[in-house]
1. Just name the residue that is farthest from ASN119 (Cα to Cα) out of those in region 1-33 that are part of a loop (DSSP other than H, G, I, E, B) and of a type outside the set (Val, Ile, Thr).
2. Output the residue which, of all residues in region 146-167 that are of a type in the set (A, V, I, L, M) and touching a Gly at 6+ places or on another chain (Cβ under 9 Å), is nearest to ALA85 (Cα to Cα).
3. Is it fair to say MET168 is assigned to a helix (DSSP H, G or I), surrounded by 14 or more Cβ atoms within 10 Å (Cβ to Cβ), touching a helix residue (DSSP H, G or I) at 6+ places or on another chain (Cβ under 7 Å) and modelled with pLDDT under 95?
4. Would you mind stating whether THR148 is closer than 19 Å to ILE183 by Cα, out of contact with any Leu (no Cβ under 9 Å at 6 or more places or on another chain) and not charged (D, E, K, R)?
5. Are there any pairs with C-beta distances below 8 angstrom linking a residue in region 32-44 that is touching a residue at least 60 places away in the same chain (Cβ under 8 Å) and among the polar types (S, T, N, Q) to a residue that is surrounded by fewer than 15 Cβ atoms within 10 Å (Cβ to Cβ) and in a helix (DSSP H, G or I), with the two at least 6 apart or on different chains, and if so which?
6. With the structure loaded, tell me whether THR161 is of a type outside the set (A, V, I, L, M), at negative phi and exposed (fewer than 12 other Cβ atoms within 10 Å of the Cβ) or whether it fails that test.
7. Which condition does ILE118 not pass, out of (1) farther than 17 Å from THR54 by Cα; (2) hydrophobic (A, V, I, L, M, F, W, C); (3) at pLDDT 95 or above, if it passes all the others?
8. Just to verify a result, which residue in region 34-52, among those that are small (Gly, Ala, Ser) and part of a helix (DSSP H, G or I), is nearest to PHE146 (Cα to Cα)?
Amino acid sequence: MTKAERTRQFIIEQSAPLFNTKGVAGTAMSDIMQATKMAKGGLYGHFESKEELTHAVVDYCLGALGEKITAVMNKQKTAKGKLFAYLDFLSSPENPPLQGGCPMINFGIEADDTNTIINQKVKKGMDWSVNRIADVITEGVGNGEFHTSWNAKEFAIKLFTMMEGAVMIAKVMGNNNNLHIIIKMLKTEIESQVI
């Protein structure tokens, strides 16, 4: 990396928790200046606008979440273990994988009617998540771990949407009771597919 590329990456990494916690509209350039200890001119030397920085931050947050999910799942040997690891990874919204919580929820809700570029980035992240879950199920069916009649894509959509909704509800309610009920239900359904 060149010095300019390292500085650009530093700005993204320092800005990401701000955007993911306060939102795009709630994050001011003065917040970014304070977090990076850089002058406004220095920031604009690397990003033409707050919008350009926002797009880079969204990419960074979604990428970081995907890397963490992949790392947790890859520690498991079985498809069932990978699915359980995914569920357990998201089981504590009070201790989220990224500061500020799930970027798909945070950026998705804020951008759904206001920013088509961010909305498309979040959709891509959601598609990746569903496909990753479906691939694990397909792998489990292929290696004889799960019943061949299990519809990987349908269950992946179910698991993903139930977990994202449950994580949001846990954050709003201030407790994990409902989230743990959803996780238990999903684990029971996964167990029912094990041969």
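1. Applying the first criterion (part of a loop (DSSP other than H, G, I, E, B)) to region 1-33 yields 1-2, 23-28.
Now drop any that are not of a type outside the set (Val, Ile, Thr), which leaves 1, 23, 25-26, 28.
Details: MET1: 29, GLY23: 14, ALA25: 15, GLY26: 17, ALA28: 20 Å.
For region 1-33, the residue satisfying everything is MET1.
2. Filtering region 146-167 down to residues of a type in the set (A, V, I, L, M) leaves 152, 156-157, 159, 162-163, 166-167.
Next, only the ones that are touching a Gly at 6+ places or on another chain (Cβ under 9 Å) stay: 152, 167.
On the way: ALA152: 17, VAL167: 15 Å.
Taking the candidates together, the pick is VAL167.
3. Numbers: assigned to a helix (DSSP H, G or I): yes; surrounded by 14 or more Cβ atoms within 10 Å (Cβ to Cβ): yes; touching a helix residue (DSSP H, G or I) at 6+ places or on another chain (Cβ under 7 Å): yes; modelled with pLDDT under 95: yes.
Taking the combined requirement at face value, the residue satisfies it.
4. Details: closer than 19 Å to ILE183 by Cα: no; out of contact with any Leu (no Cβ under 9 Å at 6 or more places or on another chain): yes; not charged (D, E, K, R): yes.
Criteria not met by THR148.
5. Filtered contacts from region 32-44: no entries.
6. On the way: of a type outside the set (A, V, I, L, M): yes; at negative phi: yes; exposed (fewer than 12 other Cβ atoms within 10 Å of the Cβ): no.
In short, no.
7. The single condition ILE118 does not satisfy is (1).
8. We begin by selecting, within region 34-52, every residue small (Gly, Ala, Ser); these are 35, 39, 41-42, 45, 49.
Among the residues that remain, those that are also part of a helix (DSSP H, G or I) are: 35, 41-42.
On the way: ALA35: 48, GLY41: 57, GLY42: 54 Å.
For region 34-52, the residue satisfying everything is ALA35.
The values are calculated or read from the model by the stated rules, or taken from the named source; none is laboratory data. None of these values were measured; they are calculated from a predicted model. Note that we place each Cβ from the backbone using ideal geometry, even for glycine, and neighbour counts take in every protein chain shown.
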